[in-house]
2 protein chains.
Amino acid sequence: MISQTAEYALRAIVYLADQCDTPQTTRQIAEVTRVPAGYLAKVMQGLSRSGLVRAQRGLHGGFTLAVPPKELTVLNVVQAVDPLRRIERCPLGIVSHQSLCPLHRRLDNAVAMMEKSLACSTIAELLAEPKRGTAPKPLCAIADGR
Amino acid sequence: MISQTAEYALRAIVYLADQCDTPQTTRQIAEVTRVPAGYLAKVMQGLSRSGLVRAQRGLHGGFTLAVPPKELTVLNVVQAVDPLRRIERCPLGIVSHQSLCPLHRRLDNAVAMMEKSLACSTIAELLAEPKRGTAPKPLCAIADGR
DNA sequence: CCTATTGTGGATGTCAAGGTCCACTTGTCT
DNA sequence: AGACAAGTGGACCTTGACATCCACAATAGG
């Protein structure tokens, strides 16, 4: 439903948000979030180009969040790396551009619902979640140390 | 967002619903819905196995809808050919099975919203839509003859 | 200036979804 | 029975997402 790449991006962003302002290397992020390091590098490039993340090269370099977690929604992250496309016009492309057929109007509406759902949670909220007993941290694995 | 295969399946189902009870061949369906005939054959097999559609071999054979359009939702069709998977447990798989972490609880919720949205339209509703001016039929292309 | 560290970009590999083909089976009609 | 019209199943091809690897550019520290 949501791409693997987007999943990886979200894990990385959540981790960065939790480590405010101290740069994290690709290797560090990869280990904690359990994402293949080589591929994560690509994903981070995407996040960097979209401006969600700042990259710093050289010794003591790494990535830091470029946007306040309170102003960053789950949707923002997804759209940055792997945009979910609304249905602009019927795939058959014959009928008018302005109005969708009944079928595709509903399909598009479903995507809209999804967008709305993803847009109403900020990264900050994920980290602030009440931590009673289970799954204290968003990253699941981060929770139990290592 | 929704797979190509599901899109094809929906077009075929809508068309069958519109041609109540007279069997339509793969070729016929393919032409009207503009789906590659060879591939449509595969998709129809899937729909047949899921029981949404009845297949009749031999001369004057073809496919007919096996479920009343009023009882068939868009979601039913999507799930039949290309199920959207809810998130059962955190991908990192370390934390408890019963509760998702804040991040994945929200991602799963987004999928749930999508399901809900797709589940609340029946195929019959698509065909019954008020036809004022534009996009009179769900299949867009079907609308203008041919 | 030199070296170690870190991100960047390109080439390449792998695999499942989408798509094509064809031989085979099932059914109808004469 | 024979011929034709359908769906069925398997083999195969193509493409894009996911993933790996490596040479290169930038930066900090000595």
Item to check | Unmet requirement for A:Val74, which otherwise passes all of (1) facing chain B (nearest Cβ under 9 Å); (2) at pLDDT below 95 | outcome: (2)
Checklist entry - With respect to A:Leu107, is the statement that it is at pLDDT below 90 and at the interface with chain B (Cβ under 9 Å from one of its Cβ atoms) true? => result no
Checklist entry - Out of all the residues in the stretch B:36-74, which are aliphatic (A, V, I, L, M) and within 24 Å of B:Ala119 (Cα to Cα)? => result B:Leu40, B:Val43, B:Met44, B:Leu47, B:Leu52, B:Val53, B:Leu65, B:Ala66, B:Val67, B:Leu72, B:Val74
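Yes/no per residue for (1) away from every other protein chain (no Cβ under 14 Å); (2) away from DNA strand C (no atom under 12 Å from the Cβ); (3) surrounded by fewer than 21 Cβ atoms within 10 Å (Cβ to Cβ); (4) part of a helix (DSSP H, G or I):
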position	(1), (2), (3), (4)
A:Ile2	no, yes, yes, no
A:Thr5	no, yes, yes, yes
A:Tyr8	no, yes, no, yes
A:Arg11	no, yes, no, yes
A:Thr22	yes, no, yes, no
A:Gly46	yes, no, yes, yes
A:Gly51	yes, no, yes, no
Next on the checklist: Here are the criteria: (1) away from DNA strand D (no atom under 16 Å from the Cβ); (2) touching a helix residue (DSSP H, G or I) at 6+ places or on another chain (Cβ under 6 Å); (3) more than 8 Å from chain A (Cβ to nearest Cβ); (4) not β-branched (Val, Ile, Thr). Tell me which single one B:Glu88 does not satisfy.
Outcome noted: (2)
Checklist entry - Pairs under 7 Å by beta carbon, first residue closer than 15 Å to A:Leu92 by Cα and free of Cβ contacts under 8 Å to residues at least 40 places away in the same chain in the stretch B:1-25, partner more than 10 Å from DNA strand C (Cβ to nearest atom) and assigned to a loop (DSSP other than H, G, I, E, B), six or more apart or different chains? => result B:Glu7/A:Pro91
Next on the checklist: Here is a list: A:Leu47, A:Leu103, A:Leu75. Which entry is away from DNA strand D (no atom under 11 Å from the Cβ), in contact with a helix residue (DSSP H, G or I) (Cβ under 7 Å, 6 or more places away or on another chain) and touching a residue at least 40 places away in the same chain (Cβ under 8 Å)?
Outcome noted: A:Leu75
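In the stretch B:32-44, which residues are under 15 Å from B:Glu7 (Cα atoms) and in a helix (DSSP H, G or I)? Walk me through it before giving the result.
Our first condition is that a residue be under 15 Å from B:Glu7 (Cα atoms); within the stretch B:32-44, this holds for B:32-37, B:39-44.
Across the stretch B:32-44, the qualifying residues are B:Val32, B:Thr33, B:Ala37, B:Tyr39, B:Leu40, B:Ala41, B:Lys42, B:Val43, B:Met44.
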Checklist outcome for this item: Expected single match for surrounded by fewer than 16 Cβ atoms within 10 Å (Cβ to Cβ) and touching a residue at least 12 places away in the same chain (Cβ under 8 Å) among A:Ala66, A:Ala37 is A:Ala66
Checklist entry - If you check B:Asp108 against the conditions, is it under 19 Å from B:Gly51 (Cβ atoms) and of a type in the set (D, E, K, R)? => result no
Checklist entry - Out of curiosity, is A:His97 more than 10 Å from DNA strand D (Cβ to nearest atom), touching a Lys or Arg at 6+ places or on another chain (Cβ under 6 Å) and modelled with pLDDT under 95? => result yes
Next on the checklist: Checking A:Phe63 against (1) within 14 Å of DNA strand C (Cβ to nearest atom); (2) within 14 Å of chain B (Cβ to nearest Cβ), only one condition comes out false. Which one?
Outcome noted: (2)
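The values are calculated or read from the model by the stated rules, or taken from the named source; none is laboratory data. Everything numeric in this text was worked out from a predicted model, so none of it was measured. In this analysis, Cβ positions are derived from the backbone assuming ideal geometry, glycine residues included, and neighbour counts consider all displayed protein chains.
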